[in-house]
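Undergrad: Sharing a structure, written as structure tokens. Questions coming.
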Amino acid sequence: MIIDTTEVQDINSFSGLESFKEVYGILWILVPILILVLGITISVLAIVWLEREISAGIQQRIGPEYAGPFGILQALADGTKLLFKENLIPSRGDIRLFSIGPSISVISILISYSVIPFGYNFVLSDFNIGVFLWIAVSSIAPIGLLMSGYGSNNKYSFLGGLRAAAQSISYEIPLTLCVLSISLLSNSLSTVDIVDAQSKYGFWGWNLWRQPMGFIVFLISSLAECERLPFDLPEAEEELVAGYQTEYSGIRFGLFYVASYLNLFISSLFVTVLYLGGSNIFIPYISEVFEINKTYGVFGTTIDLFITLAKTYFFLFVSILTRWSLPRLRMDQLLNLGWKFLLPISLGNLLLTTSSQLFSL
């Protein structure tokens, strides 16, 4: 029997090509995810540094200045210190719930970044239900806090977890109703479609002007979802000895702060996407030059990313300024604000938006 060696070589080269395609396909999936996670991590470090500097300026004191130039490495130094500290576990607590609670809070928020359009064709996953995916996934984070409080076998920690769950339920509903109004205006639940719908009409087509009350309700609800002052009832230090994180130490303790800043960053990004047109710019002449030069290669992507982050960091500055300016609410005031004030306003805003859409048909 005679075997054609060229045919065997063709078969071997074909199988090698197929295996290379499989490996390349896996890398093509992993590389964007790694780039996104790395960018988010750098942004969180920048937010921590900004908050320390802004709070120092408000309180007329000196902020971080020794760890790196202008103290920019202070957050990295703190994270490294927590990484090497001992992780203590309560002897009578639920070890499984105590261990996975912080991880659930961080992972649920990280998944939300997959639907953020940082620019044209610069999004990890363009789901048809992108904004609802964010709402559904981010609502898992309070469950992690509740698990942490219950697993600590500490009454103060458990009370902090219950407060986190109650606060999330109270403000998740107005926030969802505001997102529904935006979806009605854009005729889509996709974050990419929402940005594109605002770009058709320029600056005055932003949902900020079409939904002013919804914007205010969304901004307040997002601050409450992030558990930022004046809404940080789940970890009120004067009342609960740091709440659900009382028994935590080491890197598990640091994960709660990572989750808090991740949630703050994603909320500011969604304010930009839903109400400020995402990567769209409104400056006359300059915007026309940007549109001409947007070949949507490296240059166009860089411009889109810069515009999106500029708007996002503006709202980060507003939220940081709010934290260091307003006093903390009481628990009854927090619930009354959510159920008796924000919920009726967001519901009325949704009804008005629905009526306007019906009459415009």
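Undergrad: Please enumerate the residues belonging to region 119-146 that are among the small types (Gly, Ala, Ser) and either in a helix (DSSP H, G or I) or surrounded by fewer than 19 Cβ atoms within 10 Å (Cβ to Cβ) (or both). Outline the logic, then answer.
TA: We begin by selecting, within region 119-146, every residue among the small types (Gly, Ala, Ser); these are 119, 125, 130, 136, 138-139, 141, 144.
Answer for region 119-146, where residues must be among the small types (Gly, Ala, Ser) and either in a helix (DSSP H, G or I) or surrounded by fewer than 19 Cβ atoms within 10 Å (Cβ to Cβ) (or both): Ser125, Gly130, Ala136, Ser138, Ser139, Ala141, Gly144.
Undergrad: Please state which of the following conditions Arg252 fails to meet, knowing it meets all the rest: (1) free of Cβ contacts under 8 Å to residues at least 60 places away in the same chain; (2) closer than 20 Å to Ile143 by Cα; (3) among the basic types (Lys, Arg).
TA: Status for Arg252: all satisfied but (1).
Undergrad: Looking at (1) at pLDDT 85 or above; (2) within 24 Å of Leu335 (Cβ to Cβ), which is the only condition Glu238 fails?
TA: The failed condition is (1).
Undergrad: Confirm whether Ile345 is within 15 Å of Tyr171 (Cβ to Cβ) and assigned to a helix (DSSP H, G or I).
TA: Yes: the conditions hold for Ile345.
Undergrad: Return yes or no: is Ile40 among the β-branched types (Val, Ile, Thr), part of a helix (DSSP H, G or I), at pLDDT below 85 and outside the structural domain of Thr322 (by TED's automatic domain parsing)?
TA: no
Undergrad: Continuing with this model, one more query. Checking the structure you have, find out if any residue of region 154-170 is among the aromatic types (Phe, Trp, Tyr), in the same structural domain as Ile109 (by TED's automatic domain parsing), touching a helix residue (DSSP H, G or I) at 6+ places or on another chain (Cβ under 9 Å) and modelled with pLDDT under 90.
TA: Looking through region 154-170, at least one residue is among the aromatic types (Phe, Trp, Tyr), in the same structural domain as Ile109 (by TED's automatic domain parsing), touching a helix residue (DSSP H, G or I) at 6+ places or on another chain (Cβ under 9 Å) and modelled with pLDDT under 90.
Undergrad: Could you tell me how many of the residues in region 162-182 are among the hydroxyl-bearing types (Ser, Thr, Tyr) and closer than 13 Å to Leu351 by Cα? I'd like the intermediate steps shown before the answer.
TA: Restricting attention to region 162-182, the residues satisfying the condition of being among the hydroxyl-bearing types (Ser, Thr, Tyr) are 168, 170-171, 176, 181.
In the following step, the residues that additionally are closer than 13 Å to Leu351 by Cα were identified as 181.
Counting residues in region 162-182 that are among the hydroxyl-bearing types (Ser, Thr, Tyr) and closer than 13 Å to Leu351 by Cα gives 1.
Undergrad: Next question, about the same structure. Please count how many residues of region 110-135 are under 13 Å from the mean Cα position of the chain (by Cα) and free of Cβ contacts under 8 Å to residues at least 40 places away in the same chain.
TA: The total comes to 2.
Undergrad: Can you give me the number of residues within region 31-89 that are without any contact (Cβ under 8 Å) to a residue 60 or more places away in the chain and closer than 30 Å to Val123 by Cα?
TA: Number satisfying all stated conditions: 14.
Undergrad: How about region 318-342: which of its residues are surrounded by 13 or more Cβ atoms within 10 Å (Cβ to Cβ), hydroxyl-bearing (Ser, Thr, Tyr) and not in a helix (DSSP H, G or I)?
TA: Of everything in region 318-342, nothing turns out to be surrounded by 13 or more Cβ atoms within 10 Å (Cβ to Cβ), hydroxyl-bearing (Ser, Thr, Tyr) and not in a helix (DSSP H, G or I).
Undergrad: Quick check on my filter: what residues within region 181-223 are of a type outside the set (S, T, N, Q) and closer than 30 Å to Arg330 by Cβ?
TA: Step one: of region 181-223, the residues of a type outside the set (S, T, N, Q) are 182, 184-185, 189, 192-197, 200-206, 208-210, 212-220, 223.
Across region 181-223, the qualifying residues are Pro212, Met213, Gly214, Phe215, Ile216, Val217, Phe218, Leu219, Ile220, Leu223.
The values are calculated or read from the model by the stated rules, or taken from the named source; none is laboratory data. Note that the structure is a prediction, hence the values are computed from the model and not measured. Note that we place each Cβ from the backbone using ideal geometry, even for glycine, and neighbour counts take in every protein chain shown.
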